[in-house]
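> Quick one: structure below, then a few questions.
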Amino acid sequence: MHTEEQILEILLDQFRVTKDQVAAARDNHPGAAILAALQEDGAVQSRDLHEAIAHFHSLSFCDLEDGEILARVRELRGAIPGDVARRHRILPLRQTEHGIQVLIGDPMDFETFDTVPVLLKTEVEFLYADPERVEELVTELYPREEGLVAAGMDAEAGGVATEDDAAVIKLVQDFLEKAQEMRASDIHLEPVDEGFRVRFRIDGELEQYKMLPQTLQSAVISRLKIMTETMSIDEKRVPQDGRIQCQVRGKDLDLRVSTIPTSQGEAIVMRLLDQSTLSITLPDLGFMSEDQEYFRGLIKLADGIILVTGPTGSGKTTTLYACLSEINDESRKIITVEDPIEYVMPGVNQVHVKADIGMTFARALRSILRQAPNVIMIGEIRDIETAGIAINASLTGHLVLSTLHTNDAPSAIARLIDIGVKPFLVSSAVRAVMAQRLCRRLCASCKQPATLTEAEMIALRLDPEQLADAKIYQPKGCERCRFTGYKGRLGIFEIFKVDDEMRQMINRMGDGEDRSEQVSTVQLRKRAREQGMRTLREDGFQKVFAGLTTFDEVLAVTMGDND
């Protein structure tokens, strides 16, 4: 039963509405949400509805239309810092013997329930109030001072905006605009001997954009911290994390921000979260056609675990989102557990892991299994507890997508066993493992045909027959690719399929009594190769032969591939 229907049941049980009124509302507003239809017909009063919602979520209801309660909220507003009230959309109601009562307009905001007691360092009792009134009062009681906001400085940062502040704001805006224009994935700001260096990572490669004077270091970092609304500008001794959401040239820009103290001052890295990633589909990733169809079949299975492996920055998250996009429809309930949530995907329930308040991957997974999902996406399997819950979920009718940090696909099996999962559970649950890397894509506007010398063919272990239909190109450089010869990236993949034979081999991995019967990762890999598995390097070479990238690019990202 959906939440709306459950709240309707409460209204009926409490005689706030009759079955005849419900039937009339459905007839008068076919296809409309029933609670909204009842309100429009005047069958349910706003207070009755809010009291039913509070009852459903086991919260007390507080009426902000009551003058005495409103006066109490206004009087006590200093009990909650402005940044906390604005971020979590909460209001103080009264101080209690053990803590504080707080009003919240979103009873499903579990992050606020977990986070606010930690931020306020006291016990918090939450009460539910009309969300529209909560929003209005938060805006009224905790405003940002307009003059400072216009200059880009928050009132709580202290001080008054000056011409120097305006110059720093313009400087920050400049490199945000430039990073977006140059398709950067990250912005790195680092104190070095020569000054305060600004670099962009473009297509996986770092390029220096500017060297700022050291005198601007503190002001630039403070400006960026203020933009996150959550980071402390006074704290420079410990790492901090935050997020910036702003507009650049009329486009929404979302950045994940991380600071770290160094011997020369704070360094800061901002990852640009490109929402267009959500529109990436399986064909966009760079699969060969047969691999694409096989992988498409995998993610439409009813149960089992599918793992994506590779180092940081190899595109694992993008691949998982492409998988979710492929299967995200009204017939499936999809829940993700992520640290952090990088992209908000419509129609998907996304849970943010926060280990500092006890919201770990394992705790989140235990909770979401009670939500009866069809598909679960876990940002990363890091420990035996998370792995165990993921295995159990896959064996009880759920499809689980996740990542591991291993260099190749078969090694993921050994990794799961190493962290404590029994081999027979691994063989029963895992359907396939895909390792991946990203290499730069040749610029389509300026790439030039290339030929290989005999020495190069020997070095690359290439057979002349492999080059019969090959279209090999080399980079040149033009304005469209900023004279690098490359524009964008594509994936190269290694898919390890777990069939019946592989399951039998996996069952013989681990610490059995008869060591002569044990199977190693090397043997798994060898058998997978005999069954037709292409290695990362071989898949990369296929893309070289198709004119998409170069041998140098493939070799650079497959240095550990000895096959």
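The values are calculated or read from the model by the stated rules, or taken from the named source; none is laboratory data. Here the structure is a predicted model, which means the values were calculated and not measured. Note that each Cβ is placed from the backbone with ideal geometry, even for glycine, and that neighbours are counted across all protein chains shown. For accessibility, only protein heavy atoms count, side chains too; no ligands or nucleic acids. Shrake-Rupley method; radii C 1.70, N 1.55, O 1.52, S 1.80 Å.
> Please list the non-local residues whose amide H lies under 5 Å from the amide H of residue 102, H modeled 1.01 Å from N, same-chain partners needing a gap of 5 or more.
93, 125, 126, 127
> Next up: Could you work out the relative contact order of the chain, using alpha carbon pairs under 8 angstrom and six or more residues apart, expressed as a whole percent?
Relative contact order comes out at 8 percent.
> How much of residue 383 can a 1.4 Å solvent probe reach, expressed as accessible area in Å² and rounded to 10?
Roll a 1.4 Å probe over it and residue 383 shows about 60 Å².
> If you stretched the chain out fully between residue 234 and residue 5, how much longer would it get, using 0.36 nm times the residue separation minus the C-alpha to C-alpha distance?
77.6 nm
> Follow-up question, since we're still on this one. To the nearest Å, what is the center-to-center distance of region 363-427 and region 39-109, using C-alpha atoms only?
First find each Cα centre; the distance between them is then 39 Å.
> Nearest 5 percent is fine: what portion of the DSSP beta bridges confined to the chain is antiparallel?
65
> Here's a follow-up. What number comes out for accessible area per residue over the chain if the probe is 1.4 Å? Units Å², please.
50
> While we're on this one: For region 3-130, what proportion of DSSP beta bridges, expressed in % and rounded to the nearest 5, is antiparallel?
Taking every DSSP beta bridge with both residues in region 3-130, the antiparallel ones total about 40 percent.
> Label region 467-537 by shape, choosing from rounded, prolate and oblate, from the square roots a ≥ b ≥ c of the eigenvalues of the Cα gyration tensor; if a/c is under 1.5 it is rounded, and otherwise prolate applies when a/b is larger than b/c, oblate when it is not.
Prolate is the answer for region 467-537, as a/c is 1.5 or above and a/b outweighs b/c.
> Still on this structure, please answer the following. Under the rule of at least 5 residues apart or a separate chain, name every residue whose amide H is placed under 5 Å from the amide H of residue 44.
Under 5 Å from the amide H of residue 44 lie the amide H atoms of 39, each far enough along the sequence or on another chain.
> Could you tell me what percent of the accessible area of region 308-380 is made up of carbon and sulfur, with a 1.4 Å probe and every protein chain present?
Carbon plus sulfur share of accessible area: 48 percent.
> Give the carbon-plus-sulfur fraction of the accessible surface of region 396-531 in %, rounded to a whole number; probe 1.4 Å, heavy atoms of protein chains only.
45
> I've got another one for you. Quick check: pseudo-label points 7 Å beyond the Cα along Cα→Cβ at residue 330 and residue 185, how many nm apart are they?
So the two model labels end up 3.7 nm from each other.
> Now, a different point. Kindly rank 210-219, 449-458 from highest to lowest mean number of other beta carbons found within 10 Å of each residue.
Per-residue mean Cβ counts within 10 Å order the peptides as 210-219, 449-458.
> Search the structure for amide H atoms under 5 Å from the amide H of residue 450, placed 1.01 Å from N in the peptide plane, and list their residues when 5 or more places away or on another chain.
472, 473, 474
> Based on DSSP H runs of at least 4 residues, each adding -39500 (n - 2.57), what is the mean residue ellipticity at 222 nm of the chain after dividing by all its residues, to the nearest 500 deg cm²/dmol?
Helix-only estimate at 222 nm: -11000 deg cm²/dmol.
> When you count, for each residue, the other Cβ atoms within 10 Å and take the mean per peptide, how do 191-203, 528-540, 424-436 rank with the highest first?
424-436, 528-540, 191-203
> Report, in listed order, any pair from 300/497; 497/526; 333/422; 178/251; 170/236; 178/210 with a Cα-Cα distance greater than 20 Å.
Too far apart for the 20 Å limit: 333/422; 170/236.
> Can you match Cα extents along the principal axes in Å to one of these, (i) 88, 62, 53; (ii) 93, 55, 42; (iii) 89, 66, 49, based on a calculation from the structure here?
Computed from these coordinates, Cα extents along the principal axes in Å corresponds to label (i).
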